[in-house]
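The values are calculated or read from the model by the stated rules, or taken from the named source; none is laboratory data. None of these values were measured; they are calculated from a predicted model. We place every Cβ from the backbone using ideal geometry, glycine too, and count neighbours over all the protein chains shown. With ligands, DNA and RNA removed, areas are computed over all heavy atoms of the protein, side chains included. Shrake-Rupley method; radii C 1.70, N 1.55, O 1.52, S 1.80 Å.
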Amino acid sequence: MALKEKLEAVLNVGLRVPSIMLLDVLYRWDVSSFFQKIQRSSLSNNPLFQYKYLALYLHYVGYILSLVLLTLPRQHLVQLYLYVLTALLLFAGHQVSRDYVRSELDSGYEGPLYLEPLSMNRFTTALIGQLVVCTLCSCVMQTKQIWLFSAHLLPLVARLCLVPLETIVFINRFAMIFTGLEVLYFLASNLLVPYNLAKTAYRELVQVVEVYGLLALGMSLWNQLVLPVLFMCFWLVLFALQIYTYFSTRDQPTSRERLLFLFLTSIAECCSTPYSLLGLVFTVSFVALGVLTLCKFYLQGYRAFMNDNTMHRGMTEGITLLILAVQTGLIELQVIHRAFLLSIILFIVVASILQSMLEIADPIVLALGASRDKSLWKHFRAVSLCLFLLIFPAYMAYMICQFFHMDFWLLIIISSSILTSLQVLGTLLIYVLFMVEEFRKEPVENMDDVIYCVNGTYRLLEFLVALCVVAYGVSETLFGEWTVMGSTIIFIHSYYNVWLRAQLGWQSFLLRRDAVNKIKSMPTATCQQLQQHNDICAICYQDMRSAVITPCGHFFHAGCLKKWLYVQETCPLCHSQLKSQSQPTPTAAPAQEVPQPPPPPANQNQAEAEPAIPEGGEGGCERGAGDPETEPRPELPDHPEGEDTDPPGPGAEPGLNDGQSGEDSEEGQDPSPLECQGGSRNSQPLLPPPPANPGDHPAPPPAAEGCVASLSTEVKGPAQQHVGQ
C-alpha cells in the first residue's frame, strides 16, 4: 500500500510537469515576432500562416489547455495520458507500415518471401513491430478487441498473399484512413466528457466556496496539486536540459572559473519567466530545508526530528529570493546582467541559510556547555559546526569582494555574513565560559552579565546594519528612482527590522534594570539566617553562602533570582508578586490602613530583645555548634504567671510569655519560609497571648521582622510585640 501511494504521488507530480512547461513556452512565444520571421521565410505562402489572429486564438487556447491539464484530477489525468499514449502507438504502427512498404518498393521483388532472405527479414521485423504495437494498445486501453488496433497489419498480410506492390501502397493508405476514422469515432463518442467534467468541477468549487470559503479552496488546491514540488521538478528539468545542451555542444574541457560562470548563466537562463522564477524559488526553499535538516541531524541525530521548528523549513530563504528578484526586475534583464545579479541574490540567500543554521546550533552548543554531558563526540560536532559557521561566512565575504567593487551597498550585503561570524564567536566564548565553570565546579561571577554583553553587542551591531539599510533605501527612494515595490519593502524592513528590534532591545534593558533594582531593595540574609534556613537555592539547587530574602520570606541567590526576574515578576516558590520598596505591594489588608508603630528604642528591654550568642562566635557563617540542625534545643523551665524571668541562656528560646510552658514551646513546629522572612531561631520570640482589654487598638507587626503573618496583638505597658514562629 505504501508503494502504491508513493507511485500515485510521483504520478501526480510528474504528469503535471508538461502543463507548466507548456505555460512557460507560451509565455516566451512572441506571436508578432513569430509572424515576422514567417514572412521572411518560404512559409509565407502557406495558408496556415496567413492569419495572425488565428495564431493568437491558438495561443490563448494553449493557455486554457495547460490550465486544464494542471488542475485535472489525477484519475482523469492518467486516463488522458493513456489515450495520448495509444495515439502515439498507433502513429508508430503507421510509421512502421509505411517504412516497410517503401523498402519493398525500393527492392522491387514481388515473389515469395521465403525465396528472398532480405525480404523475409524485412517482413519478420515489421510483423513483430506491428504485433507489439497492437498488444500495447490493447493493454493500455484495457480491451480484448485487438482487431481494433490491427489495421496496420493489412499491408503485411497483402504482401504475404503476393499482392502487387502498387496495390499494397493503396492498402497501406486504407489502413491509415481506417485508423484515423477509429480515432475520430472515439473522440466523437467522448465529446461531452470535458463538458461533464467542467460542470462537475464547477459544482464542487461552488460548494466548497459556500461552505468553507475561498481560503479553504486555495489551500485544498495547493495540497492536491503539490505546487512546491511540482514547480521544483519543472525547474530541475529546465536546468538539466540547459546543462545538457551546453555540454553537448562543447568538446573542450571547462576550467573552474568557467564552470562557475556556466552555473550562474544556466540559472539565469532558467528564470526568465514568472513560472521558472517560481520554480527557482521553490528549489531554493527545498535546498535550504535539506541543508537545515542535515545540520540538525549532524548535531542531534534522530532526536532532532522529534520537535521540528516551523521557522526552519527553508521558506524564509525562498521568500527572500522572490522579494529580491521582484524588486530588482530580474526576469526583465539580459542573461549576462541577470547572472551577475543572481550571484548577489544567491549570496544573500546563502547568508540567510547560514544564519538559520546558527539559530539551530546556538541553543544546542550552549546547552552542551551548561550541562554535564561529557560525550566528546557531541561536543566535537557542536564545536566543529560553529567553527564552520565562523570561517565560511568570512570566506564568502572575502570572495564576493574580489568580484565586485566595494561600496556602501556591497558593505551592507556582506554585513550579514560578518554578523554571523561575530555571533558565532560570541557563542563560542559563552561555551568556553560554561566549560570553565564546569571544570572549576564553582559558578563564574557575573556570568549573566557577560552573556548579556556578548548578545547585546551582536544585537546592537545587527540593529545598526538594519538602520543603515533603511537609510540607504530611503535616500535611493528620495533622490533616485522611486517604485511602489521598493517603498513597500523599505516600510516593511523599517517596521520589522528596526522598530520591533528597538522595542525588544529597550524592553530587555528595562527588565534587567528593574530586576537589579528589586534585588538591591531586598535585604541580604545574615549568617545566622542562612544557618537557620539551612537549605539550598530553589533555582540552581546549590548551597547558599549568600542570599537575598524576598518579601514573602524565601531565600535565593541574588544572581539566580535576578535571572528569574528577567522572565517574570513573581516568586519562584509561592508566585507572589515581587515589588521593589519604591513600588506598593498589594495585600489583602482591610480598607482602612493601620499606621505602622515607630520602632522601639534601642535601650528598651535590651535584655529581652537581644538574642543569645551561640558558642561558635558572633555572626559566624560557618556551620558548627550554632547550627540548628546539629545542636538540639534545650527544654525551658516553667514559670508561674506574672513572674519576670531572666534572659535565657544560649540555645534557649527567649521571650516566653506568661502561661507558656517549655513543653508548649517544644511542641511547636519550625516556621516555613512563607511565614517569616528570616532570622535565626534564637532571635524570633514567641507570640504573647491576646490582651484582656478588647477596646485597645491592635498594632501591626514590625516591618523589620519581615513576617507575613496577619495576626496583630496588643500588650500593656512597655511590653514589646512579637510574631511567633
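What to note about this one:
- Single unsatisfied condition, Ile344 versus (1) closer than 30 Å to Trp482 by Cβ; (2) open to solvent by 60 Å² or more (accessible area, probe 1.4 Å): (2)
- Residues that are at positive phi and either of a type in the set (S, T, N, Q) or at pLDDT 85 or above (or both) do occur in region 216-233.
- Output for region 269-280, where each listed residue is open to solvent by less than 10 Å² (accessible area, probe 1.4 Å) and either over 12 Å from Tyr27 (Cβ atoms) or small (Gly, Ala, Ser) (or both): Cys270, Cys271, Ser276, Gly279, Leu280
So that you can scan it fast, the table gives a plain yes or no per residue for (1) at pLDDT 85 or above; (2) not hydroxyl-bearing (Ser, Thr, Tyr):
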| residue | (1), (2) |
| --- | --- |
| Gly486 | no, yes |
| Asn497 | no, yes |
| Arg512 | no, yes |
| Thr524 | yes, no |
| Asp543 | no, yes |
| His554 | yes, yes |
| Gly559 | no, yes |
| Val567 | no, yes |
| Leu578 | no, yes |
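- Flag for Thr457 being surrounded by 15 or more Cβ atoms within 10 Å (Cβ to Cβ) and not small (Gly, Ala, Ser): no
- Which numbered condition Ala188 fails, given (1) over 26 Å from Tyr83 (Cα atoms); (2) exposed (fewer than 13 other Cβ atoms within 10 Å of the Cβ): (1)
- Here Arg159 fulfils each of the conditions (1) charged (D, E, K, R); (2) farther than 16 Å from Gly93 by Cα; (3) open to solvent by 50 Å² or more (accessible area, probe 1.4 Å) apart from (3).
- Pairs with Cβ under 8 Å, 6+ apart, first in region 11-22 and closer than 13 Å to Leu72 by Cβ, second basic (Lys, Arg): Leu11/Arg74; Asn12/Arg74; Leu15/Arg74
- Residues within region 106-126 that are under 16 Å from Leu154 (Cα atoms) and open to solvent by 60 Å² or more (accessible area, probe 1.4 Å), tallied: 2
- Qualifying residues in region 511-539 (those that are out of contact with any strand residue (DSSP E or B) (no Cβ under 9 Å at 6 or more places or on another chain) and not in a helix (DSSP H, G or I)) - the one surrounded by the most Cβ atoms within 10 Å (Cβ to Cβ): Thr526
- Search result, residues across region 93-129 that are free of Cβ contacts under 8 Å to residues at least 24 places away in the same chain and among the basic types (Lys, Arg): Arg102, Arg122
- Flag for Leu376 being open to solvent by 40 Å² or more (accessible area, probe 1.4 Å), out of contact with any strand residue (DSSP E or B) (no Cβ under 7 Å at 6 or more places or on another chain) and under 21 Å from Leu299 (Cβ atoms): yes
- Per this entry, Val193 is counted among residues that are loosely packed, with under 14 Cβ neighbours inside 10 Å, at pLDDT below 85 and hydrophobic (A, V, I, L, M, F, W, C).
- Qualifying residue in region 472-482 (condition: touching a Phe, Trp or Tyr at 6+ places or on another chain (Cβ under 8 Å), among the aromatic types (Phe, Trp, Tyr) and open to solvent by 40 Å² or more (accessible area, probe 1.4 Å)): yes
- Here Cys552 clears all of (1) in a loop (DSSP other than H, G, I, E, B); (2) of a type outside the set (S, T, N, Q); (3) open to solvent by 20 Å² or more (accessible area, probe 1.4 Å) except the condition numbered (3).
- Summed over region 202-226, the residues that are in contact (Cβ under 8 Å) with a residue 12 or more places away in the chain and open to solvent by less than 50 Å² (accessible area, probe 1.4 Å) give a count of 5.
- Residue in region 261-268 that is in contact with a Lys or Arg (Cβ under 9 Å, 6 or more places away or on another chain), within 26 Å of Ile360 (Cβ to Cβ), among the small types (Gly, Ala, Ser) and open to solvent by less than 70 Å² (accessible area, probe 1.4 Å) present: no
- Against the conditions (1) without any contact (Cβ under 8 Å) to a residue 40 or more places away in the chain; (2) under 25 Å from Thr179 (Cβ atoms); (3) open to solvent by less than 80 Å² (accessible area, probe 1.4 Å), Val78 satisfies every one except (1).
- Residue check, Phe434 within 30 Å of Ala339 (Cβ to Cβ) and either of a type outside the set (Val, Ile, Thr) or within 28 Å of the chain's Cα centre (by Cα) (or both): no
- Selection within region 130-156: residues that are without any contact (Cβ under 8 Å) to a residue 24 or more places away in the chain and farther than 30 Å from Glu116 by Cα. The member of this set that is most open to solvent (accessible area, probe 1.4 Å) is Lys144.
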